[in-house]
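Asker: Take this structure first; my questions come after.
The values are calculated or read from the model by the stated rules, or taken from the named source; none is laboratory data. In this text, all values refer to a predicted model and were calculated from it rather than measured experimentally. Don't worry about glycine lacking a Cβ; one is built from the backbone with ideal geometry, like all the others, and counts go over all protein chains shown.
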Amino acid sequence: MTQKCFWCLDATFARLRGVSQVDCGYMGGSVEAPTYKAVCTGDTGHAEVIQLTFDPAIISYSTLLKLFFALHNPTTLNRQGEDVGTQYRSSLFFHNEAQESAAKAMIKELADQYADPIVTTVTPAVTFWPAETYHQDYFEQNPEQPYCSAVVAGKVRKLMQDYGDLLK
């Protein structure tokens, strides 16, 4: 899934009970083994994504989808706040038909809650390219970094305030 920079996704989804692994990386582009620098140009077609490993007996895919939509604005095309470019698009990459159906159903269910159309894409997962090591657990390692304190910390606070019952 992708909705903004992967630091926000990593910092929020890693805190959820039932999520055992969150890996930052790149998906959806045309370049083999893309780098952060290349993805940031917007020329590779990749999005900054996270790949989750989760236990559906503890947290459902539907709950993960609800959080995905609650923690970003799915109506802005290729932009979240000051992050602009196709690498910041709102996308869900599915691994099976059940995930595809659930994602499309969630978009349909939430459509009336927004003044503008939801622009989140739902596409088959393709090769996941892990991001550079320094991107993994970035917020945990760099909470005072300006972007982290200005943007990521707000996402984490929202998660803790609104969804505390889902936290580890």
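Asker: Restricting the search to region 16-46, which residues are touching a Gly at 6+ places or on another chain (Cβ under 8 Å), under 30 Å from Ile59 (Cβ atoms) and in contact (Cβ under 8 Å) with a residue 40 or more places away in the chain?
Answerer: Residues satisfying the conditions are Gly28, Val39, His46.
Asker: Given (1) crowded, with 19+ Cβ neighbours inside 10 Å; (2) under 21 Å from Gly42 (Cα atoms); (3) not aliphatic (A, V, I, L, M), identify the lone condition not met by Phe68.
Answerer: That leaves (2) as the condition not met.
Asker: Okay, moving on. Given the conditions (1) in contact (Cβ under 8 Å) with a residue 24 or more places away in the chain; (2) touching a strand residue (DSSP E or B) at 6+ places or on another chain (Cβ under 6 Å), report the number of the one that Lys104 does not fulfil.
Answerer: (1)
Asker: Can you pull out the residues in region 127-159 that are within 21 Å of Pro74 (Cβ to Cβ) and either in contact with a strand residue (DSSP E or B) (Cβ under 6 Å, 6 or more places away or on another chain) or surrounded by fewer than 16 Cβ atoms within 10 Å (Cβ to Cβ) (or both)?
Answerer: Within region 127-159, Gly154, Arg157, Lys158 meet the criteria.
Asker: Go through region 53-85 and give me each residue that's in a helix (DSSP H, G or I) and either modelled with pLDDT under 95 or farther than 26 Å from Ala38 by Cβ (or both).
Answerer: Tyr61, Ser62, Thr63, Leu64, Leu65, Lys66, Leu67, Phe69, Ala70
Asker: Okay, next question. Quickly run through region 107-152 and pick out the residues that are without any contact (Cβ under 8 Å) to a residue 60 or more places away in the chain, part of a helix (DSSP H, G or I), over 27 Å from Pro56 (Cβ atoms) and of a type in the set (A, V, I, L, M).
Answerer: The answer is Ala150, and nothing else.
Asker: Kindly indicate which of Thr41, Thr86, Thr53 is β-branched (Val, Ile, Thr) and in contact with a strand residue (DSSP E or B) (Cβ under 6 Å, 6 or more places away or on another chain).
Answerer: Thr53
Asker: Which one is surrounded by the most Cβ atoms within 10 Å (Cβ to Cβ), of the residues in region 1-29 that are part of a loop (DSSP other than H, G, I, E, B) and modelled with pLDDT of 95 or more?
Answerer: Gly28
Asker: A further question follows. Against the definition (aliphatic (A, V, I, L, M), part of a loop (DSSP other than H, G, I, E, B) and surrounded by 15 or more Cβ atoms within 10 Å (Cβ to Cβ)), how does Ile50 come out, yes or no?
Answerer: no
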